[in-house]
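In what follows, a structure is listed as structure tokens, so that the remarks can point back to it.
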Amino acid sequence: MEYPYKSIFERYSFTCQYCGWRGDQNFTDWYIASLCIDHIKPRSKGGTDDDTNLVVSCHACNQYKGSHECESLEEAKEFVSRKRAETQTWFEKHVLKKEELSKNVKMPC
Ligand SMILES: [Zn+2]
């Protein structure tokens, strides 16, 4: 069975371009990451299937980026990093229950 988008995955070494998670080290990492192809500029916003608009993304980063409109990989990285930081704050407050964090932290998605 052929690996879909093989050349894109190989170009980015099976590594999420937003968080750096590598999916080519062992089966478990590959399985958990659920690596997929992300359109930097979403198709719904006029993005193309051109190689320059495609990057490797893990499932989590792909969820956070959603259909947010980005014009460049840098812009998309910044957006996903901000979402991840907000989610980490939420996680520390509600899952780890760290007391020192401020109240009213909302789940960002
Ligand atoms: Zn990621």
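Nothing in this text is a laboratory measurement; each read-out follows from the coordinates by a stated rule. Here the structure is a predicted model, which means the values were calculated and not measured. So basically every Cβ, Gly included, is an ideal-geometry build from the backbone, and we count neighbours across all protein chains shown.
Mind checking whether some residue in the stretch 84-102 is in contact with an Asp or Glu (Cβ under 6 Å, 6 or more places away or on another chain), within 13 Å of the ligand (Cβ to nearest atom) and either assigned to a loop (DSSP other than H, G, I, E, B) or within 19 Å of residue 9 (Cα to Cα) (or both)? No, because not a single residue in the stretch 84-102 is in contact with an Asp or Glu (Cβ under 6 Å, 6 or more places away or on another chain), within 13 Å of the ligand (Cβ to nearest atom) and either assigned to a loop (DSSP other than H, G, I, E, B) or within 19 Å of residue 9 (Cα to Cα) (or both). Going through (1) under 24 Å from residue 107 (Cα atoms); (2) among the small types (Gly, Ala, Ser); (3) over 14 Å from the mean Cα position of the chain (by Cα) one by one, residue 81 falls short only on (3). I need the full set of residues from the stretch 44-65 which are within 16 Å of the ligand (Cβ to nearest atom) and either exposed (fewer than 11 other Cβ atoms within 10 Å of the Cβ) or in a loop (DSSP other than H, G, I, E, B) (or both), in order please. Correct list: 58 only.
Just need a number here: residues in the stretch 6-25 that are away from the ligand (no atom under 16 Å from the Cβ) and in contact with a strand residue (DSSP E or B) (Cβ under 9 Å, 6 or more places away or on another chain). Within the stretch 6-25, residues that are away from the ligand (no atom under 16 Å from the Cβ) and in contact with a strand residue (DSSP E or B) (Cβ under 9 Å, 6 or more places away or on another chain) number 1. Which members of the stretch 1-43 meet the condition of being hydroxyl-bearing (Ser, Thr, Tyr) and outside any helix (DSSP H, G or I)? Result: 3, 5, 12, 13, 15, 18, 34. Of everything listed in (1) without any contact (Cβ under 8 Å) to a residue 24 or more places away in the chain; (2) surrounded by 13 or more Cβ atoms within 10 Å (Cβ to Cβ); (3) more than 16 Å from the ligand (Cβ to nearest atom), the single unmet condition for residue 41 is (1).
Which ones in the stretch 7-35 are within 21 Å of residue 69 (Cβ to Cβ), buried (at least 18 other Cβ atoms within 10 Å of the Cβ) and of a type in the set (A, V, I, L, M, F, W, C)? Matches in the stretch 7-35: 16 only.
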